[in-house]
Amino acid sequence: MNLFDNLEENNKQTPLAQILRPKTLDDFLGQESVISQNSPIYNLIKAKRLFSFILFGPPGCGKTTLARLIAQEHNADIIELSAVTSGVKDIKETIDRAHENLRSGVLTILFIDEIHRYSKTQQDALLPHIENGTIHFIGSTTENPSFQVIPALLSRVQVIMLNGLKEEDIKKLIDKGLNYLNENYKHNINIDDEGKDTIARLSGGDARFTLNTVENLYFASGVNKTITKDFIESMLQRKTSRYSSQEHYDLASAFQKSLRGSDADAAIYYMAKMLLSGEDPRFIARRLLVCAAEDVGNADFRAFLIASAACRACDILGMPECRIPLAQAVQFVANAKKTNSTIMAIDRAMSDIQNGKDYPPPMHLRDAHYKDAKKYGFGEGYIYTHSNPDAKQNFLPDELLGTKYFM
């Protein structure tokens, strides 16, 4: 029997993730902090108070689904564009349609997927129409809007951050997908608990990935079979890595803080994640150099030398070999004795200058290597330290005598 025989014609090529999209807000899995009952956003939606916002979160967390459900709650006309394939012309056509809708009392929602891919000019084109209420705008992005969206647009919208689904929600999706497939294809396919754990772990909180995986496993397994961890891993082989600018900054932050906190194991883990995600090893080497100077400093001057050598090795060796000297430097910098006296000293001095303590050097320290210097009194009274190491003289400006920058 063909496994497709039990489905209606129009469902045979529809992905499971599309078929099982939530039909109401109450069916929406995860994001409890955002749209659980009685949450501020949920109450605003139920009160029919439509507002413009950007949904920021990883792939498969429900950004498009949530936008559609909100449009449904408001009986709004939702126009969906992709920032990859659309432009100002499409925005103008949307505005024309929105004006027509306003004449009949219908609200218009413009949903733009991957809004971070719009240029500044394209984002600017949205501003007056959001401002005057012609459209309500919903954007979605996997990239941090703070880095990718222009300030003028950010000032007109609310940013709502969504997270990847929790493991328990992913397992509910697995069961939901299996139940649907078993009911419609009339075969008894199961996934054992270890297999569900494997899918949940590999999904990264991505609902779409989860349902696509369940669907593929179902048809790859044969009939009347229990799907195991080994079968799942043999089919998936390796999950494609995703590395957004947000993850770039988050991992770099975790890496440097682990080095500072003397946790070499955590630092090497975050470095491995960055390298496997395609990060430029020279970026990692620069973070090592910064940490060696900022957090180790002169408590162990060798740390900066080793980090510098690892940085040079990245240029000479490249990947994959440069991972070894990088790991060597990570271990040394993480385990080195720490002091932040150098960064604190330079920052204190710069802060003093920026806050008005901007004084010239004392006269005896000024440059006296030109003809008229003595006429101005420059260099007068300077004591050459090597000739008289015990002589006392002031080096700071008189107004700052006694100031200590190195603590």
Given Cβ point charges of +1 (Lys, Arg) and -1 (Asp, Glu) and nothing else, what value in debye, to the nearest 20, does the dipole of the stretch 137-295 about its Cα centre take? 360 debye
Stretch Y359-A220 to full length: gain in nm at 0.36 nm per residue minus the Cα-Cα span? 42.4 nm
How large is the charge dipole for the chain, taken about the Cα centre, if only the Cβ atoms of Lys, Arg (+1) and Asp, Glu (-1) carry charge, to the nearest 20 debye? 680 debye
Could you give the dipole magnitude of the stretch 115-168 about its Cα centre, charging the beta-carbon of Lys and Arg +1 and that of Asp and Glu -1, in debye to the nearest 20? 160 debye
Pick from H129, H116, H369: which is most flexible by mean-square fluctuation in a GNM of the chain where alpha carbon atoms under 10 Å apart are linked? H369
³J(HN,Hα), Karplus 6.51/-1.76/1.60, whole Hz, each residue of the stretch 181-190, x for Gly, Pro: 5, 5, 5, 8, 10, 6, 10, 9, 9, 10
Can you compute 3J(HN,Hα) from phi for each residue in the stretch 85-92, using the Karplus curve 6.51 cos²θ - 1.76 cosθ + 1.60 with θ = phi - 60°, rounded to whole Hz and x for Gly and Pro? 10, 10, x, 4, 4, 5, 5, 4
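Grab the beta carbon distance between D315 and R49, set R0 = 60 Å, and tell me the FRET efficiency rounded to 0.05.
Working: r = 56 Å, r/R0 = 0.93.
That pair, D315 with R49, gives E of 0.60.
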Label-point separation (nm) for D372 and D263, each offset 7 Å from Cα along Cα-to-Cβ? 6.2 nm
Positive-end residue, the chain charge dipole about Cα centroid, Cβ charges, pick of Y185, Q122, L326: L326
Taking +1 at the Cβ of each Lys and Arg and -1 at the Cβ of each Asp and Glu, which of T339, L251, A310 sits farthest along the dipole of the chain towards its positive end, judged by Cα position relative to the Cα centre? T339
Solvent-accessible area of K225 with every protein chain in place, 1.4 Å probe, in Å² to the nearest 10: 80 Å²
Set of lysines near K120 by C-alpha distance (under 30 Å), chain-local residues within fewer than 8 positions excluded: K63, K89, K92
Tilt relative to the chain, helix 207-220 - C-alpha long axis, 0 to 90 degrees, to 10: 50 degrees
Violating pairs (Cα-Cα greater than 30 angstrom) within the set K196/K257; K338/K392; K166/K257: K196/K257; K338/K392
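Regarding the chain, what's the average projected area of the Cα-atom convex hull, expressed in nm²? Write down the numbers at each step before the final one.
Numbers: hull surface 128.3 nm².
Averaging across all directions leaves 32.1 nm² for the Cα convex hull.
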Taking H placed 1.01 Å from N in the peptide plane, check which residues at least 5 places from I78 or on another chain put their amide H under 5 Å from its amide H. I109
Positive-end residue of I199, L276, V214, charge dipole of the stretch 180-306 with Cβ unit charges: L276
Accessible area of the chain divided out per residue, in Å², using a probe of 1.4 angstrom: 55 Å²
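Report the full-extension gain for the segment E100 to N298: residue separation times 0.36 nm, less the Cα-Cα distance, to one decimal in nm. Working shown, then result.
Values: separation 198, 0.36 × 198 = 71.28 nm, distance 6.94 nm.
Going from the current span to full extension adds 64.3 nm.
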Amide hydrogen neighbours beyond the local backbone of I191, cut-off 5 Å, H modeled: I227
Quick one: pull the percent of accessible area on the chain belonging to carbon and sulfur, 1.4 Å probe, ligands and nucleic acids left out. 51 percent
Would you calculate the separation in nanometres between label points at S308 and K186, each defined as 7 Å from the Cα along the Cα-to-beta-carbon direction? 7.6 nm
In whole Å, what is the distance between the alpha-carbon centres of the stretch 105-125 and the stretch 333-384? 53 Å
Aspartates and glutamates within cross-link reach of K273: Cα-Cα under 12 Å, excluding same-chain residues under 8 positions apart? E247, D250
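Could you give the length gained by full extension between T403 and M350, i.e. 0.36 nm per residue of separation minus their alpha carbon distance, to one decimal place?
Numbers: separation 53, 0.36 × 53 = 19.08 nm, distance 1.34 nm.
The span from T403 to M350 would gain 17.7 nm if fully extended.
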Compute the distance from the alpha-carbon center of the stretch 173-209 to that of the stretch 19-88, in whole Å. 24 Å
Principal axis dimensions, largest first and in whole angstrom, of the stretch 100-152 by Cα: 38, 19, 14
Most mobile of A307, A349, A272 per a Gaussian network model of the chain (Cα springs, under 10 Å)? A349
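The values are calculated or read from the model by the stated rules, or taken from the named source; none is laboratory data. Keep in mind that this is a model prediction, so the values were computed, not measured. Positions of Cβ are backbone-derived with ideal geometry, glycine not excepted, and every protein chain shown enters the neighbour counts. Ligands, DNA and RNA are stripped out before the accessible areas are found, and what is left, the full protein with its side chains, is counted by its heavy atoms. Shrake-Rupley method; radii C 1.70, N 1.55, O 1.52, S 1.80 Å.
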